[in-house]
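Report on the following structure.
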Amino acid sequence: MSSPPGAPEQGYGFPARLWRMLDEHRPPGLDPRSWRSPLRGPWLTSVFASVLLVTLPIVTITGLLSYVAYGTQARPGDVGWLHLPLFDWPTNPYWLFRLNQGLHVTLGLVLIPVVLAKLWSVVPRLFTWPPARSVAQVLERLSLLMLVGGILFEIITGVLNIQYDYIFGFSFYTAHYYGAWVFIAGFVAHVILKLPRMLSSLRSRSFHDMLRTRLADTHPEPLDADGLVAVEPAPPTVSRRGALALVGGGSLMVFALTAGQTIGGFTRPLAVLLPRGRDGGDGPNGFQINRTAEAARINPDATGNGWRLTLSGGDEDVERDRDSLLALPQHTAVLPIACVEGWSTTQTWSGVRLRDLAELAGVRAPDGADVTSLEKSGAFKESDLNRGQVTHGDALLALHVNGSELSLDHGYPARIIVPAMPGVLNTKWVSAISFRRA
Ligand SMILES: Nc1nc2c(c(=O)[nH]1)N[C@H]1C(S)=C(S)[C@@H](COP(=O)(O)O)O[C@H]1N2
Ligand SMILES: [Mo]
């Protein structure tokens, strides 16, 4: 078989002709030459890449840890064989989940400008034609699809979730988790393929010098094999340091407008980008409310004098009204509510120790507990605590906060508060606790 004239020598007839045909039939508009920024090039791309190489693993690992913290709440069946080997999420130190989730959400948000800048810097690559010339290239492009698709999906679902709470119900959780694994696969492949080029590109010019180069002295990088550098560059309108400042400034601004929700204090009112975690009103119950009693359709009558707490797990169920719970030894602990959405708030809670309630129920060494809420629908009607979360000395069924009765919106007549536990498990309007025996 002979190659058609002009086809690459090494090609067999068919692929060579195919490539030539594709080359001649480039879809209109798919022309890398239409990307003309003189800043694009391996060095700039590698600067963004090196930032993401260090920081994205932190976002990923804190995300996976958050999944572990959900424990049995995550329902193993939801994610099939991707279910992580579960270990019991600890109760010490009490700020562990707050730190984990604050990092995950804050860093995830702060990196959005860097991710967008990195995508901008490689966008001509999306317009190479034909898209791939070998099996290796097809695989590389597939890993890119997982990387880019994965991270955009995680950003979009993550931001929607923290803005609108659980608009996806628990499927947000599963979707964000699957998306994470697609991203992880793409990220690992990409790092293996590109790390050497990233390092050599970073060495191609001095970062220090680049920060001192003005607009007038800004020139394109030498043409590169990947086609990042514009073949017909336009005159520069911003220096590289200007571009880096723009991206860094964007990240700083996101930080300033979001981090207050978890750092608290005077920074809290600054978190204007977030719907929760700003002003919770005044007084002892004046801190953020994730979902009001009305939104949760709590019938106020059910929380009045007729309310009883049912304790089970022992030989017989035990019922207590609020006054008799108040007659038990009360314990006080300063603990945060740390929501998976990233906001947190630390308050002084008092109430009955869960381990005392277990004893009252006749369960001497509880292995965990199932908590039921008056709330009849949605994801919150039940939650599952592990052994440490029941036996820790600061694990409470809280009746008071900051010296006052709990407000209805914060879970009156009684709510769960446990150190280092994801906020979502701190069930409000508790109606029953079922202890598991060891
Ligand atoms: N019954 C019930 N418990 C609940 C919730 C809820 O909506 N219903 N929200 C949970 C979530 S997601 C968080 S972060 C905390 C928030 O508590 P707060 O509203 O008192 O701040 O309560 C948790 N307990
Ligand atoms: Mo939450």
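The values are calculated or read from the model by the stated rules, or taken from the named source; none is laboratory data. Worth saying up front: this structure is predicted, and the values here are computed from it rather than measured. FYI the Cβ positions are ideal-geometry reconstructions off the backbone, even for glycines, and counts take in every protein chain you see. Heavy atoms of the whole protein, side chains included, go into the accessibility calculation; ligands, DNA and RNA do not. Shrake-Rupley method; radii C 1.70, N 1.55, O 1.52, S 1.80 Å.
Averaging sequence separations of C-alpha pairs under 8 Å and six or more residues apart, then dividing by the length of segment 361-414, give the relative contact order as a whole percent.
Reported relative contact order: 26 percent.
Report the one residue of V191, A180, T303 whose Cα lies farthest in the direction of the positive end of the charge dipole of the chain (charges on C-beta: Lys and Arg +1, Asp and Glu -1; origin at the Cα centre).
Sorting the options by dipole projection puts first V191.
Using alpha-carbon pairs under 8 Å, 6+ residues apart, how would you state the relative contact order of the chain in percent?
Computed over the chain, the figure is 18 percent.
So how far, in whole Å, is the C-alpha centre of segment 125-202 from the one of segment 292-331?
47
Over segment 300-437, average the accessible area per residue using a 1.4 Å probe and give it in Å², no decimals.
Solvent-accessible surface per residue comes out at 37 Å².
Leaving out ligands and nucleic acids, note down the accessible area per residue over segment 25-266 with a 1.4 angstrom probe, in whole Å².
Roughly 51 Å² per residue, with all protein chains present.
With the chain treated as a Gaussian network of Cα nodes joined by springs under 10 Å, which of S373, S407, S34 yields the largest mean-square fluctuation?
S34
When the helices in the chain are scored as -39500 (n - 2.57) per DSSP H run of 4 or longer and the sum is shared across all residues, what 222 nm value do you end up with, to the nearest 500 deg cm²/dmol?
Estimated from H runs of four or more residues: -13000 deg cm²/dmol.
Choose one answer from N299, N161, N386: the residue with the largest mean-square fluctuation in a GNM of the chain with alpha-carbon springs under 10 Å.
N299
Just to be sure I understand: with springs between alpha-carbon atoms less than 10 Å apart, which residue in H104, H208, H190 has the highest mean-square fluctuation in the Gaussian network model of the chain?
H208
Tell me which chymotrypsin sites (Phe, Trp or Tyr not before Pro) from segment 77-126 have a DSSP coil assignment and no more than 15 other beta carbons within 10 Å of their own.
Taking segment 77-126 and a limit of 15 other Cβ atoms within 10 Å, the loop chymotrypsin sites (Phe, Trp or Tyr not before Pro) found are F87.
Below 8 Å between Cα atoms, with a sequence gap of 6+, how large is the relative contact order for segment 16-142 in percent?
Value for segment 16-142: 44 percent.
Separation of segment 345-380 and segment 95-111 by C-alpha centroid, Å?
What the calculation gives is 27 Å, centre to centre.
Which of the lysines could a cross-linker bridge to K428, judged by Cα under 29 Å and excluding same-chain residues fewer than eight apart?
In chain and number order, the partners are K376, K381.
For the chain, give the percent of accessible area contributed by carbon and sulfur heavy atoms, probe 1.4 Å, rounded to a whole number.
Within the chain, the accessible surface is 63 percent carbon and sulfur.
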